[in-house]
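Novice: Below is a structure I'd like to ask you about.
The values are calculated or read from the model by the stated rules, or taken from the named source; none is laboratory data. Values in this document were obtained by computation on a predicted structure and should not be read as measured data. Ideal geometry is used to build each Cβ from the backbone, glycine not excepted, and the neighbour counts take in all protein chains shown. Each accessible area value is taken on the protein alone, full model and side chains, heavy atoms only, with ligands, DNA and RNA left out. Shrake-Rupley method; radii C 1.70, N 1.55, O 1.52, S 1.80 Å.
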Amino acid sequence: MHNHQNTAGSEYLSCCAKHFVDGNGKKWRPFQKEGTPPMWCRDRLVDVEHIRLDLEPDFSSKTLKGRSTLTVRPINEDTKFVELDACEMRISAVQVAGKPAEFAYDGQKLTIQFDKAPAADRALEIAVDYSTKPRRGAYFVGPDEHYPNKHREMWTQGQDEDSRFWFPCFDYPNEKASSEIIVKVPKGMTSLSNGKLLSKTVEGKHEIHHWRQEIPHVAYLVTLVVGDYVKVEQEWDGLEVSYLVPPGREEDGARSFDKTPRMVELFSKVTGVRYPYEKYSQITAVDFIFGGMENTTATTQTELTLHDARAHLDFSSEGLVAHELAHQWFGDYVTCRDWSHAWLNEGFATFMEIIWHEHEHGWAEAQYYAEGDMKAYLAEDRGSYRRPIVTNVYREPLDLFDRHLYQKGALVLHHLRFMVGDRLFWKAIKLYLERHGRQSVITQNLMDAFQDVTGKNLEWFFAQWVFGGGHPELKVSAKWNDATGQLEFSVTQQQKKDELTAIFRLPVKVKFVWEGGEETREFEITEASHRYFINLPKRPKIVLFDPGNTVLKTVELDYGEDLLIAQLKGAADDVMARVHAARELGKKGTAAAVEALAEVLKHDNFWGVQAECAEALAKIHNEAAHNALIAARGVKNPKARRAVASALGEWLGDKSANALIALLKKDESYYVEAEAARALGKTRSGLAFDAMVKALAKESHNDVIRSSVFSGFCELRDMRALDVMKEWLAYGRPWQARLSAIYNIGRLAHHSTEERAKLEVREMLEPLLEQDFRTVMNAIGGLEALGDTKSIAALERCAAGALDGRIKRRAQYAAAAIREGAGSPKEIKSLREDYDSLKKEYDDLKNRLLKLENPGKPGKAGKAPARKAAKKAARASKKKR
């Protein structure tokens, strides 16, 4: 195991606390404040070999008491003390080797003195008796007078460094130990922990459950869940694969977890390493603060992933289940040594979601699933900040758990897979896992495995993709020259080069298709611009840049309309080629583009392409595009219908509103109705408010319809909705709908002209900053959207007192955003209010010009003078804005 950083990455590690400007002059918010110090891996005074926890949770007092016994071996001869992480506990006694020991405790760290320095490498036991009413790490949930049906349970959540809140430990990922939990639970309750259940005995009104995990793992993966559950057992090749759900949710559990054994089989096969543990169980948790947590052998999943048959039409737990299962290899068996390398956990788990989708649903689904990762990453990179995947400049570990870590990390692995080829990729993964199993790793270890297997120097790859920031922003041009019989083909990297983002080295393929033949060529892109003159037998019908879309990039296709339409209709085996063509045609806006997009929207065999066509038509935004979307609102796939509903919301007025109301009243999918509600608000139609209020009576999976109604109210900007949402803020209202109301009432009140209305909303939201995690996060969002400077003090108090790093960071950013917004020119508000009327005028003008171009012939391309007039009108409209 190498204990040093990749030299190619060392120069990038500390460059993340700066502002960067993109090619359009946009300044990113820094990932961290200027001067944020680097965080280095923690030292270890002892080697922790085993953790034994004797626990007694008390549901009535929401307390936990017990003994944490650590078997350790001092690393050095002169070790005089050991320091454990232990937050907000009452320490009643400490023993070393069975004898009382002196200790000091400051509420965060427990320092235990040794009478004399113990011998190095010799095992000794340290036992700590303690009790706690944890605010982090362990959570008690259950019914109350407002939520009488809430499931009673206790669950733990250790990542990132929260195990210290429920047992004294060395709470950092560079220490691994075996573990066991002996827990006293109310009689009849179920428990789940790591490893095997060794015994279950009755003791009066309680039961003693004894769990043991033999293979070492880090402290944040130690878990305990206690509650009333039904266990459903499955198996794979003799391995127990099970899931536990509340009574009555067995069918929902099957929809969520039934494919797990097949996932275990697939991941064992592709990695070349059989699932390494005694069992694999999944259990649901109410009010869980993450989507899922990969505790070794015993994953905790949010109960929100459970769903009924109607939701199953277009909602799936497969990505979540695959992600957490993949962590058993990537994160549990092999664990990042320190948080700066956490992409080795999360990037891999996200990448394995793509692998599952490819195996189970085919290459088209896998391509578009990866594109979802790209969209998520780009939203953060463009809208928030840019950073390297690996950086040790952060304040709290959870700062790193972002879309760079998860989605970009996954896409880098996706690119690497196709660059080296499947056989060598999985051979390198096998070597990495076998070489470092049960150990902690850094990125250098992964790079070494790939270099050893492929024989290639890949320092450049990891330097640009992992230790550098950004991505290639490509413009690809293809023009045929009849005179020379050549294709003039160019690739330009348009991203701005700075100390974080470089000109990328890109091995890429291009497929040329002509009548009666095709050819794929490989290119090495290493400069800011490349220009090629390519001899082909005939004029190409299709030019596919990066077939399969395996390179992490954005791409602008500077192709003629004929090439784009041919690619949209003719790239049958390449979903992303069709998607890119649809996006480019959406920029063209011609009658031919609308016709092609409308045709493919109705008839393409993949819902993602249909969805992209709907979005492209919405961007074209003329009458023909509008009619095409209305005609397509009955497309078969519910995910495509959702996209059509969303696109219809881009038109103001009753025409779209009537189509959306029809979808909202009755569709087989909860999620189509939800999207119709949100889009209906965007139409600003007088028909919308009553239809949306009526939809609040609809029950749906995770209250997605009500939540979307509240989001739609913000777009509608009808202030009558404030009173409606105020009612849904009340504790006791359906939980997910209440959270949506908390966030969206701030968004809507921001547009109110009555200061008293804004004051009332602020006074309703600020007290919610002291409640549970999800309520607090939504209240912060609502206050930020409201934009009242008087809420800054409350947000800063929230940040200062937060134990959860996500709350702290979110509250700090909200306060900063409100300050920044308060300094904006007053004219911005009036400009925003004028935007809709200008947009409508512009749309009307476009439609009139289109009719002038093509009197009686809406399907043919127009004349140049009319197009010039349209562009001139567009420029004039933008100046008004």
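Novice: To the nearest Å, what is the center-to-center distance of the range 694-732 and the range 776-799, using C-alpha atoms only?
Specialist: 21
Novice: Next up: Report the full-extension gain for the segment Thr526 to Glu240: residue separation times 0.36 nm, less the Cα-Cα distance, to one decimal in nm.
Specialist: Fully extending the segment from Thr526 to Glu240 adds 97.9 nm.
Novice: List the aspartates and glutamates whose alpha-carbon lies under 12 Å from that of Lys187, not counting same-chain residues fewer than 8 positions away?
Specialist: Glu203, Glu207, Asp228
Novice: Would you mind getting me the FRET efficiency between Glu77 and Ala104? Use the beta-carbon distance for r and R0 = 25 Å, nearest 0.05.
Specialist: 0.60
Novice: Here's something else I'd like to know. Say each of Asn658 and Arg310 gets a label point 7 Å from the Cα, pointing the same way as Cα to Cβ; how far apart are those two points in nm?
Specialist: 2.7
Novice: Please give the Cα centre distance for the range 373-420 versus the range 52-84, rounded to the nearest Å.
Specialist: With the range 373-420 and the range 52-84 each reduced to a Cα centre, they are spaced 35 Å.
Novice: Continuing with this model, one more query. Which aspartates and glutamates have a Cα less than 19 Å from the Cα of Lys758, not counting those fewer than 8 places away in the same chain?
Specialist: Glu715, Asp718, Asp723, Glu727, Glu766, Glu784, Asp788, Glu820, Glu833
Novice: Could I ask something else about it? Using a cut-off of 9 Å between beta-carbons, work out the net charge of the residues near Ala741 (Lys and Arg +1, Asp and Glu -1, Ala741 not included).
Specialist: Net charge in that neighbourhood comes out at +3.
Novice: Mind checking which of Met374, Leu398, Ala364 is farthest towards the positive end of the range 361-401's charge dipole, using Cβ charges of +1 (Lys, Arg) and -1 (Asp, Glu) about the Cα centre?
Specialist: Going by the Cα projections, it comes out as Leu398.
Novice: Net charge within 11 Å of Glu251 by Cβ-Cβ distance, Lys/Arg positive one each and Asp/Glu negative one each, not counting Glu251 itself?
Specialist: Result for the neighbourhood of Glu251: -2.
Novice: Spelling out what I want: for every residue of the range 595-605, take phi, set θ = phi - 60°, compute 6.51 cos²θ - 1.76 cosθ + 1.60 (Karplus), and round to whole Hz; glycine and proline get x.
Specialist: 4, 5, 5, 4, 5, 5, 4, 6, 10, 5, 8
Novice: Take Arg382 and Trp514, extend 7 Å from each Cα along the Cα→Cβ direction, and tell me the distance between the two endpoints in nm.
Specialist: 3.6
Novice: Over the range 448-543, how many pairs of lysines fall under 28 Å by alpha carbon, counting only those 8 or more apart in sequence or from different chains?
Specialist: 22
Novice: For a 30 Å ceiling on Cα separation, which of these pairs sit above it: Lys65/Lys176; Lys587/Lys665; Lys184/Lys430?
Specialist: In this structure, Lys587/Lys665; Lys184/Lys430 lie more than 30 Å apart at Cα.
Novice: In whole Hz and in residue order, list the ³J(HN,Hα) couplings for the range 280-289 that follow from phi through the Karplus curve 6.51 cos²θ - 1.76 cosθ + 1.60, θ = phi - 60°; x for Gly and Pro.
Specialist: With the stated coefficients, the range 280-289 comes to 9, 10, 10, 9, 8, 9, 7, 6, 4, 8 Hz.
Novice: Is there a quick way to get the dipole size of the range 723-815? I mean about its Cα centre, with the Cβ of Lys and Arg at +1 and of Asp and Glu at -1; what is the value in debye to the nearest 20?
Specialist: The dipole of the range 723-815 has a size of about 320 debye.
Novice: On a C-alpha basis, how far is the centre of the range 196-253 from the centre of the range 472-486 in Å? Whole number, if you could?
Specialist: Using only Cα atoms, the two centres lie 61 Å from each other.
Novice: Long-range amide H contacts for Glu240: which residues qualify at under 5 Å (H placed 1.01 Å from N, peptide plane, sequence gap of 5 or more or a different chain)?
Specialist: Correct list: Tyr280.
Novice: Hey, got the dipole for the chain? About the Cα centre, +1 on K and R Cβ, -1 on D and E Cβ, debye to the nearest 20?
Specialist: I would put it at about 3260 debye.
Novice: DSSP loop GluC sites (Glu not before Pro) in the range 464-505 with at most 14 other Cβ atoms within 10 Å of their Cβ, which ones?
Specialist: Glu499
Novice: How long is the gain from Arg262 to Arg717 if the chain were fully straight, where each residue apart is worth 0.36 nm and the alpha carbon distance is subtracted?
Specialist: Result for the pair: 159.0 nm of gain on full extension.
Novice: A further question follows. Starting from the Cα-Cα distance between Ser60 and Glu145, subtract it from 0.36 nm times their residue separation and give me the gain in nm to one decimal.
Specialist: Between Ser60 and Glu145, full extension yields an extra 29.1 nm.
Novice: Mind checking the per residue accessible area of the chain for me, 1.4 Å probe, whole number of Å²? Display every interim value, and only then the final one.
Specialist: Working: 36110 Å² over 881 residues.
I get 41 Å² per residue for this part.
Novice: Right, another one. Under a plain spin-label model, where a point goes 7 Å from the Cα along Cα-to-Cβ, how far apart in nm are Lys665 and Ala254?
Specialist: Using points 7 Å along Cα→Cβ, the separation is 3.5 nm.
Novice: Let me ask something else about it. Can you give the FRET efficiency to the nearest 0.05 for Leu424 and Arg505, using r as the Cβ-Cβ distance and R₀ = 25 Å? Numbers along the way, then the final one.
Specialist: Values: r = 19 Å, r/R0 = 0.74.
It comes to 0.85.
Novice: R0 = 41 Å: FRET efficiency of His206 with Glu763, Cβ-based, nearest 0.05?
Specialist: Values: r = 46 Å, r/R0 = 1.12.
About 0.35, to the nearest 0.05.
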